[in-house]
Amino acid sequence: MKLVTASLEGAFFATTRPVTSWLIRRGVRPNDITTVGAAVVVASAVATGFGMLRTGAGLLLFSGVVDTLDGQVARETGRASVFGAFYDSTLDRLGDGVTFMGIGAWFLTTPEVIAPVLGALMCMAAILASTLVSYARARAEGLGLECKVGLVQRAERLIGIGVPVLFFGGGPQGLLLHVLVALLALGSTITVVQRFVYVHQITRDAGMGRPAT
């Protein structure tokens, strides 16, 4: 189960189709789009760290939109490549890390925040959990297994932080942002467990977990 369903993804891709077509007509390369998306998410983290939470949230959501365009352009122009997939995945991990680093910096440098150290620790947990979510999928795919299951993936993390903060900021004494980071850390941890269970089940059912005789 995913929070962002296939129907929502389809509606989003239909909405961004004119942008994709415009980029293709201009000859923009997929890796260039990936680079721009990474720059935007770093700018988002910097804005958040300096206390501009709504600006940071807006940039974070925009980076998520940009992040979907490179794949669409690559597929429709036949420019999809192994390096492009590697480059995109690597910069996605950068984005996950700096996003929570920016939030952690805000927790630690904003006087009115209710529990700055706890908030920073939750950001560390969220970074670790989100990295494990991605690693579990990558490792499974490296073994020839598809592993896209899980409650909280990258789209859910972007939306889960970006939308509430864009409209409500960090909340009184940063409480809203504390809750959001805690929920995403928990949801990502659950996703890691779901992927472990899924890979265990499919390898067991296929007899892949048995020692060679």
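Mean projected area of the convex hull spanned by the Cα atoms of region 6-56, taken over all viewing directions: 4.7 nm².
What stretch of the chain, leaving out the sites themselves, is the longest with no GluC sites (Glu not before Pro) in a DSSP loop having at most 13 other Cβ atoms within 10 Å? Longest site-free region, per DSSP loop and neighbour criteria: 1-111. In order along region 26-33, the Karplus-derived 3J(HN,Hα) couplings, from 6.51 cos²θ - 1.76 cosθ + 1.60 at θ = phi - 60°, round to 7, x, 6, 7, x, 5, 5, 5 Hz, and Gly and Pro are given as x. The residues Asp70, Asp205, Asp32, sorted by heavy-atom accessible surface at 1.4 Å with ligands and nucleic acids left out, run Asp205, Asp32, Asp70 from largest to smallest. Relative contact order of the chain: 24 percent, from C-alpha pairs under 8 Å at least 6 residues apart in sequence.
Note on region 140-213: Kirkwood hydrodynamic radius from all Cα pairs is 14.5 Å, rounded to one decimal.
Counting only protein heavy atoms and using a 1.4 Å probe, what share of the accessible area of the chain belongs to carbon plus sulfur, as a whole percent?
Working: 8120 of 11550 Å².
Using a 1.4 Å probe with all protein chains present, the chain comes out at 70 percent carbon and sulfur.
From the largest down, the chain spans 61, 49, 28 angstrom on the principal axes of its Cα atoms. Our coupling estimate for region 120-137, obtained by passing each phi through the Karplus curve with A = 6.51, B = -1.76, C = 1.60 and θ = phi - 60°, is 5, 5, 5, 5, 4, 5, 5, 4, 4, 5, 5, 5, 5, 4, 5, 5, 4, 5 Hz, Gly and Pro reported as x.
Near the amide H of Val152, within less than 5 Å, lie the amide hydrogens of Thr191, all on another chain or at least 5 residues away, with H placed in the peptide plane.
Rg and Dmax over the alpha-carbon atoms of region 73-190 stand at 16.2, 51 Å.
Accessible area of Val28 (1.4 Å probe, protein heavy atoms only, ligands and nucleic acids ignored): about 40 Å².
Can you pull out the trypsin sites (Lys or Arg not before Pro) in region 119-213 that DSSP calls coil and that have at most 12 other Cβ atoms within 10 Å? The partial results should precede the final answer.
Details: sites: Arg137, Arg139, Lys148, Arg154, Arg157, Arg195, Arg204; in loops: Lys148.
Answer by residue number: Lys148.
Accessible area per residue, 1.4 Å probe, Å², for the chain: what's the number? Don't jump to the answer; show the numbers that get you there.
Values: 11550 Å² over 213 residues.
About 54 Å² of surface per residue is accessible.
Taking Cβ atoms as reference points and 13 Å as the exclusive limit, the residues near Val28 contribute a net charge of +1, counting Lys and Arg as +1 and Asp and Glu as -1.
Listed values for region 65-75 are Karplus-derived 3J(HN,Hα) couplings in whole Hz (6.51 cos²θ - 1.76 cosθ + 1.60, θ = phi - 60°), namely 5, 4, 5, 7, 6, 4, x, 5, 5, 4, 5, and x replaces Gly and Pro.
Checking the a/c ratio against 1.5 first, then a/b against b/c, what shape does the Cα gyration tensor give for region 78-147? Oblate. Taking the inverse of the average 1/r across all pairs of different Cα atoms in region 4-111, what Kirkwood radius in Å do you get? After inverting the pairwise mean of 1/r, the radius is 14.7 Å.
The values are calculated or read from the model by the stated rules, or taken from the named source; none is laboratory data. Not measured: the values here are computed from a predicted model. Note that we place each Cβ from the backbone using ideal geometry, even for glycine, and neighbour counts take in every protein chain shown. Surface areas here come from the heavy atoms of the whole protein model, side chains and all, with no ligands, DNA or RNA. Shrake-Rupley method; radii C 1.70, N 1.55, O 1.52, S 1.80 Å.
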